[in-house]
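A.B. asks: The structure follows.
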Amino acid sequence: MTRISYLGLGTMGLGMVKNLLSVGHDVTVWNRSANGVDEAVVAGAKSAPTIAEAVRGADFVMYCLSDDTAVRQVVLAEDGLASEVSDTSIVIDLSTISPEVSAEERDAFEARGVRFLDAPVFGSKGEAAAGGLWIVVGGEEDTVSQSLPVLEPISETVHHIGPGGCGVRMKLVGNLVVAAQLLALGESLTLAKSAGLDLSKVLDVLKVTDFRSPIFDGVGATVLAGDYSPSFALKLMQKDARLIQSFAKTLAAPVPSVDAAAGYIDAAIEAGWSEENASALIKAVAADGGVSLQNS
Ligand code: NAP
């Protein structure tokens, strides 16, 4: 039986843990707070009070944490994972973080002879719960192959993009498309509403065209319903927009759609919607246009 230590039981982590348990893996969880721990234990996980105890004897250590700060605290702090993990474990970071902090982790694990993958995920709460994420991985080929028994139960696809660091880079490239599509949806619905079109009919057209997108379908319906309950919190989208902007800046690559989306994300955060879904940026676009997109 494969022994997995899973750190971080947020929206994504809890779903992943349940799917790892469902295929018979032996999972020990740790979370900074009590959030998610009882639910993981009910699903069959063991819980550990400290990172050191959680990772003892683990074949794999996996985590999906909020951001750079969380990874620094859990992994790179003095008594963090990089000091506590055994060199027989494989460590897999599924968080969306900066290439710089990912490189710091990689160096810290390499210095201890620990195999490490950066393996962020596409998909949201629903895909995490259904074991249908799309994973993009950076690291050694052998380590990726050895990790498939713990990556496949949580995913629909696993793409090995290249050596260490390529997974986090691919994730930022992909999230650029997410930001651009959310912005495009917000702009198009705002324009359509201003023009007096029936937004349900607009979505029916977007659903069948050669520029259709699952984001337009899924998010479009929730916007018309006025439902901004979080699957992917707006504050995390703001973090990602900033990561994309600074990553692109280091490469002198233009990201005009992310720059524009970032302005509306900031406006939506200022409006107090940071804990709502990332689609709340569309509310900020609509507010800018003086319309409401909710079906009355
Ligand atoms: P979340 O629900 O907010 O969970 C965040 C997790 O990180 C929680 O376990 C939280 O612990 C922990 N954490 C935060 N700050 C910490 C700190 N300083 N020290 C220790 N632990 C800390 O976030 P999520 O939606 O699961 O997202 C997790 C990661 O996946 C993020 O990088 C996000 O960008 C990425 N992602 C999310 C989605 C999505 O749709 N949600 C999709 C793809 C990728 P507590 O419970 O104690 O707060």
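A.B. asks: Assess whether Gly218 counts as being out of contact with any Asp or Glu (no Cβ under 6 Å at 6 or more places or on another chain), closer than 29 Å to Ala70 by Cα and among the small types (Gly, Ala, Ser).
C.D. replies: no
A.B. asks: A further question follows. When you check Val205 against the structure, is it out of contact with any His (no Cβ under 9 Å at 6 or more places or on another chain), more than 16 Å from the ligand (Cβ to nearest atom), under 18 Å from Ser124 (Cα atoms) and part of a helix (DSSP H, G or I), yes or no?
C.D. replies: no
A.B. asks: Further question: If you take the residues of region 192-202 that are part of a helix (DSSP H, G or I) and exposed (fewer than 14 other Cβ atoms within 10 Å of the Cβ), which of them is nearest to the chain's Cα centre (by Cα)?
C.D. replies: Ser200
A.B. asks: For residues in region 114-147 being of a type in the set (Val, Ile, Thr) and within 19 Å of the chain's Cα centre (by Cα), which is farthest from the ligand (Cβ to nearest atom)?
C.D. replies: Among those that are of a type in the set (Val, Ile, Thr) and within 19 Å of the chain's Cα centre (by Cα), it is Val137.
A.B. asks: Scan region 92-113 residue by residue and report those that are away from the ligand (no atom under 16 Å from the Cβ) and buried (at least 20 other Cβ atoms within 10 Å of the Cβ).
C.D. replies: Scanning region 92-113 gives Arg106, Phe109.
A.B. asks: Let me ask something else about it. Mind checking which residues of region 49-63 are aliphatic (A, V, I, L, M) and either without any contact (Cβ under 8 Å) to a residue 24 or more places away in the chain or buried (at least 19 other Cβ atoms within 10 Å of the Cβ) (or both)?
C.D. replies: Ile51, Ala54, Val55, Ala58, Val61, Met62
A.B. asks: Related question: Restricting to region 60-91, count the residues that are farther than 14 Å from Asp118 by Cβ, of a type in the set (Val, Ile, Thr) and more than 8 Å from the ligand (Cβ to nearest atom).
C.D. replies: 2
A.B. asks: May I ask you to verify whether Thr2 is closer than 21 Å to Glu105 by Cα, of a type in the set (Val, Ile, Thr) and surrounded by fewer than 17 Cβ atoms within 10 Å (Cβ to Cβ)?
C.D. replies: no
A.B. asks: Just checking, which of Asp240, Asp227, Asp266, Asp217 is more than 27 Å from Ala129 (Cβ to Cβ) and among the charged types (D, E, K, R)?
C.D. replies: Being more than 27 Å from Ala129 (Cβ to Cβ) and among the charged types (D, E, K, R) holds for just one of Asp240, Asp227, Asp266, Asp217, which is Asp266.
A.B. asks: Please specify each residue of region 141-161 satisfying the condition of being of a type in the set (Asp, Glu) and either surrounded by 15 or more Cβ atoms within 10 Å (Cβ to Cβ) or touching a residue at least 60 places away in the same chain (Cβ under 8 Å) (or both).
C.D. replies: Glu152
A.B. asks: Check region 15-31 and report whether any residue there is in contact with a Cys (Cβ under 7 Å, 6 or more places away or on another chain), assigned by TED's automatic domain parsing to the domain that holds Trp134 and aliphatic (A, V, I, L, M).
C.D. replies: Within region 15-31 (the criterion being in contact with a Cys (Cβ under 7 Å, 6 or more places away or on another chain), assigned by TED's automatic domain parsing to the domain that holds Trp134 and aliphatic (A, V, I, L, M)), the answer is yes, since at least one residue qualifies.
A.B. asks: Then there is this: Can you work out which of the residues in region 227-245 that are farther than 16 Å from Ala180 by Cα and part of a loop (DSSP other than H, G, I, E, B) is nearest to the ligand (Cβ to nearest atom)?
C.D. replies: Within region 227-245, the match that is nearest to the ligand (Cβ to nearest atom) is Ser231.
For every residue, the table says whether it meets (1) in contact with a Lys or Arg (Cβ under 6 Å, 6 or more places away or on another chain); (2) of a type in the set (Val, Ile, Thr).
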| site | (1), (2) |
| --- | --- |
| Leu151 | no, no |
| Ile161 | no, yes |
| Gly164 | yes, no |
| Asn175 | no, no |
| Gln181 | no, no |
| Glu187 | no, no |
| Ser194 | no, no |
| Leu197 | no, no |
| Lys201 | no, no |
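A.B. asks: Can you name the number of the only condition in (1) within 21 Å of Ser257 (Cβ to Cβ); (2) surrounded by fewer than 21 Cβ atoms within 10 Å (Cβ to Cβ) that Val168 fails?
C.D. replies: Status for Val168: all satisfied but (2).
A.B. asks: Here is a further query. In region 61-117, which residues are under 19 Å from Ile154 (Cβ atoms) and not hydrophobic (A, V, I, L, M, F, W, C)?
C.D. replies: Tyr63, Ser66, Ser89, Asp93, Ser95, Thr96, Arg115
A.B. asks: Against the definition (within 23 Å of the chain's Cα centre (by Cα) and free of Cβ contacts under 8 Å to residues at least 24 places away in the same chain), how does Pro214 come out, yes or no?
C.D. replies: So Pro214 fits the description; yes.
A.B. asks: Could you name every one of the strands (runs of 3 or more DSSP E) located completely within region 1-120 that has at least 2 residues being under 21 Å from Val137 (Cα atoms)?
C.D. replies: 3-7, 60-63, 90-93, 115-118
The values are calculated or read from the model by the stated rules, or taken from the named source; none is laboratory data. Computed from a predicted model, the values in this text were never measured in an experiment. Ideal geometry is used to build each Cβ from the backbone, glycine not excepted, and the neighbour counts take in all protein chains shown.
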